[in-house]
Amino acid sequence: MMKTGAKLPEVTFHTRVRDEAIEGPNPFRWEDKTTADYFAGKRVILFSLPGAFTPTCSTYQLPGFENGHADFVAKGIDAIYCMSVNDSFVMNKWATDQGLEKVKVIPDGSGEFTRKMGMLVDKDNLGFGMRSWRYAAIVDDGVVEAWFEEPGLMDNCPEDPYGVSSPENLIKYLDKAREPALA
C-alpha cells in the first residue's frame, strides 16, 4: 500500500499526443511516457479516480483541481495530474469534454501503475471491471510527500467515498504545511 515517504512505481504509460505533422481528422501519435517523465524533479499533485466521465469525477474532483490550479501553483505545485484506469483515447476525449487547460491526464489503461500503488479494485458491481480507488497525493520528485486515500478501500464497494482526496482538502494540507512552526 502507498503511504507518505513511498517512491512511486516505475511504469510506462501509453499515451496519444497531438502531432500537427499528421494530416486528417485524428492528428495523434503514440508516445510512451514513464513515471520519471511525469514526476522526476517536480512537486506535483496526482489524483486518481474510478473513471472518466463518471459523475463525482466530472462534476467535483476534476473541475475542482482545474479551477484551483493557480492556488496550487502559488503553494509550490508544478503540475497537477489526473489518472484513471482508462485508455488514452478515453482520457484525451474526457480532457477535451471537460475543457482542461491546466490539469494533465495520465492514462493507466492496463491498470499497471494503479495495481503497483495498491489501489486497483474490482468495480464489477457497477459494470466497470478493474478500476482505481479514489486517492490523491502530493509527490515530490517521485516520492509521496502526502497521501490522501478515501476510506473503505475494497472490491465492489457499494459507495463512492469522496472528500479526503478533494482539492479543498489538499489546499488545507498545503496551507498548514506552509505555516511557521510555533516557537
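The values are calculated or read from the model by the stated rules, or taken from the named source; none is laboratory data. None of the values given here were measured: they were computed from a predicted structure. Cβ placement follows ideal geometry from the backbone for every residue including glycine, while neighbour counts extend to all protein chains displayed. Please note that ligands, DNA and RNA were not included when accessible areas were found on the heavy atoms of the full protein model with its side chains. Shrake-Rupley method; radii C 1.70, N 1.55, O 1.52, S 1.80 Å.
For segment 6-178, the share of DSSP beta bridges that are antiparallel, to the nearest 5, is 70%.
In the chain, the calculated helix contribution to ellipticity at 222 nm averages -6500 deg cm²/dmol per residue, counting -39,500 (n - 2.57) for every DSSP H run with n ≥ 4. Remark: segment 65-162 carries 44 Å² of accessible area per residue (probe radius 1.4 Å; ligands, DNA and RNA excluded).
Given R₀ = 25 Å, what would the calculated FRET efficiency be for Tyr60 paired with Lys116, taking r from the Cβ atoms and rounding to 0.05? Can you show the working numbers first?
Numbers: r = 27 Å, r/R0 = 1.07.
That pair, Tyr60 with Lys116, gives E of 0.40.
The magnitude of the dipole of segment 87-183, with charges of +1 and -1 set on the Cβ of Lys/Arg and Asp/Glu and taken from the Cα centre, is near 140 debye.
Net charge in the neighbourhood of Met130 (other residues with Cβ under 14 Å of its Cβ; Lys, Arg +1, Asp, Glu -1) is -2.
Only the Cβ atoms of Lys and Arg (+1) and of Asp and Glu (-1) were treated as charged; on that basis the dipole of the chain about its Cα centre amounts to roughly 260 debye. Selection among Pro50, Tyr38, Ala95 by position relative to the dipole of the chain gives Tyr38 as farthest towards the positive end (Cβ unit charges, Cα centre). Label point of Ile22 set 7 angstrom out along Cα-Cβ; within segment 64-96, amide nitrogens under 19 Å from it belong to 86-96.
Please compute the net charge surrounding Gly142, taking Lys and Arg as +1 and Asp and Glu as -1 over other residues with Cβ under 12 Å from its Cβ. Working shown, then result.
Details: positive: Lys7, Lys42, Arg43; negative: Glu10, Asp37, Asp140, Asp141, Glu145.
In short, -2.
Applying a threshold of 24 Å to the alpha-carbon distances of Lys7/Lys75; Lys42/Lys102; Lys116/Lys176; Lys104/Lys172 flags Lys116/Lys176 as lying beyond it. For segment 16-121, the relative contact order is 24 percent, taking Cα pairs closer than 8 Å that sit 6 or more residues apart in sequence and dividing their mean separation by the residue count.
What is the sum of charges, Lys and Arg at +1 and Asp and Glu at -1, for the other residues whose Cβ falls under 12 Å from the Cβ of Ala177?
Cβ neighbours under 12 Å give a net charge of +1.
Loop only per DSSP, at most 15 neighbouring Cβ atoms within 10 Å: give me the trypsin sites (Lys or Arg not before Pro) in segment 115-183, ordered by residue number. Don't skip to the answer; put the middle values down first.
Working: sites: Arg115, Lys116, Lys123, Arg131, Arg134, Lys172, Lys176, Arg178; in loops: Lys123, Arg134.
Here no loop site has a sparse enough neighbourhood.
Across the chain, the relative contact order, built from alpha-carbon pairs under 8 Å that are at least six residues apart, equals 26 percent.
The spacing between segment 90-141 and segment 1-22, judged by their C-alpha centroids, is 11 Å. By the rule of a C-alpha distance below 17 Å, with chain neighbours fewer than 8 residues away ignored, the aspartates and glutamates paired with Lys93 are Asp19, Glu31, Glu66, Glu101, Asp108.
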